[in-house]
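The values are calculated or read from the model by the stated rules, or taken from the named source; none is laboratory data. None of these values were measured; they are calculated from a predicted model. Cβ atoms come from the backbone with ideal geometry, glycine included; neighbour counts cover every protein chain shown.
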């Protein structure tokens, strides 16, 4: 699904639209929701629906309405909830719901309006948030729903932002799309089954990003890692016929004063190795590379927004399989930093491959900050559920920046304690 963005200061009726997305505050008419610019007949019909309680504007609720207006035949009314509780994430989720509805309707030309009410309620530009939500909500992973012989026609939706109050801009709308597209890349990589996404495929994606956004990409092979003494990473890969890779993607800015490293776990399938996982839900172990997927999605965004930083992305990637030469419980390996490590459970592979990758990036690049992303343990879900990411940090200032960014983006982060006794 391709989503295209248009921007106009014209009225909604300057051209025919297949549908209009209207965001409605609970228990208010459309003037209260800031939609005074709607054509009179259309606004009258919508207000009638609201007064009849066909649609009340409650949070997370939506309604597909027929407008009776020739130029805009369909309305997708999406509730924002109470006015005093409106924030960026509420708006993003409402737009996401609209995006899902648009895919079901197969609409190709859709309009929405940025209003002063929603702009004043959010900390960032409402236009950016709306496009983020629409793009995320319209995402579909349907690669395997079509026969291989059938030509896959990419369907597109054109979103026209009508902005008579001049509250946003095309540049801002594109910022929202850039960020959402990065997330959708990570989703697609995560959703791809392990037989079609191997370590070499993550390397191919990293090279593609490097070429498109003028970055440097280096891929270390197993022979290179052996010379560097990365026995933890190589030990995990021993049971698989797919060679491990260490992917390094470098973004540089001429005005950069700091270097940040982001490291993403890329276990493309985690069977647990000799310490085999239970069979139930093992299919979900294709998602054990989502740290790597998040890093690649981030680098795609970074290549377009051009932050004034030097950024080093490192992805250790392998399968964890119980092959004839697989690592065994009781084995002892030497890490990149020279420490000896005893393997008690081969299903603790994430900390092994990350250990070598983190040691490598710190030694070779000496970054000012390091952030690693990993599907490290199901115990995090047991502690926090699926609503937030767990984090551990030894840098309170950096942790606060990450937490704040998570609040703004809707990807919340919760810090676990890291007392010295835990070491």
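Please indicate, with yes or no, whether at least one residue in the stretch 245-258 is assigned to a loop (DSSP other than H, G, I, E, B), in contact with a helix residue (DSSP H, G or I) (Cβ under 7 Å, 6 or more places away or on another chain) and touching a residue at least 24 places away in the same chain (Cβ under 8 Å). Taking every residue of the stretch 245-258 in turn, none turns out to be assigned to a loop (DSSP other than H, G, I, E, B), in contact with a helix residue (DSSP H, G or I) (Cβ under 7 Å, 6 or more places away or on another chain) and touching a residue at least 24 places away in the same chain (Cβ under 8 Å).
Annotation: residue 315 fulfils all but one of (1) out of contact with any strand residue (DSSP E or B) (no Cβ under 7 Å at 6 or more places or on another chain); (2) modelled with pLDDT of 95 or more; the unmet one is (1).
Residues that are in contact with a strand residue (DSSP E or B) (Cβ under 7 Å, 6 or more places away or on another chain) and within 19 Å of residue 377 (Cβ to Cβ) within the stretch 326-341 comprise just one, 341. Say whether the condition of being modelled with pLDDT of 85 or more, buried (at least 21 other Cβ atoms within 10 Å of the Cβ) and within 18 Å of residue 22 (Cα to Cα) is met by at least one residue in the stretch 118-126. Checked the stretch 118-126: at least one residue is modelled with pLDDT of 85 or more, buried (at least 21 other Cβ atoms within 10 Å of the Cβ) and within 18 Å of residue 22 (Cα to Cα).
Inspect all residues belonging to the stretch 154-172 and state whether any of them is touching a residue at least 40 places away in the same chain (Cβ under 8 Å), touching a strand residue (DSSP E or B) at 6+ places or on another chain (Cβ under 6 Å) and part of a helix (DSSP H, G or I). Yes, because at least one residue in the stretch 154-172 is touching a residue at least 40 places away in the same chain (Cβ under 8 Å), touching a strand residue (DSSP E or B) at 6+ places or on another chain (Cβ under 6 Å) and part of a helix (DSSP H, G or I).
Checking the stretch 345-361 against the condition returns no match, with no residue being in contact with a strand residue (DSSP E or B) (Cβ under 6 Å, 6 or more places away or on another chain) and surrounded by fewer than 17 Cβ atoms within 10 Å (Cβ to Cβ).
Here the stretch 13-30 is the region considered, the condition is being more than 16 Å from residue 72 (Cβ to Cβ) and buried (at least 17 other Cβ atoms within 10 Å of the Cβ), and the residue that is modelled with the lowest pLDDT is 28. The residues of the stretch 330-344 that are surrounded by fewer than 14 Cβ atoms within 10 Å (Cβ to Cβ) and either part of a loop (DSSP other than H, G, I, E, B) or in contact with a helix residue (DSSP H, G or I) (Cβ under 8 Å, 6 or more places away or on another chain) (or both), listed by number, are 330, 338, 339, 344. Taken together, the criteria place residue 202 among residues that are under 24 Å from the mean Cα position of the chain (by Cα), assigned to a helix (DSSP H, G or I) and either crowded, with 16+ Cβ neighbours inside 10 Å or touching a residue at least 60 places away in the same chain (Cβ under 8 Å) (or both).
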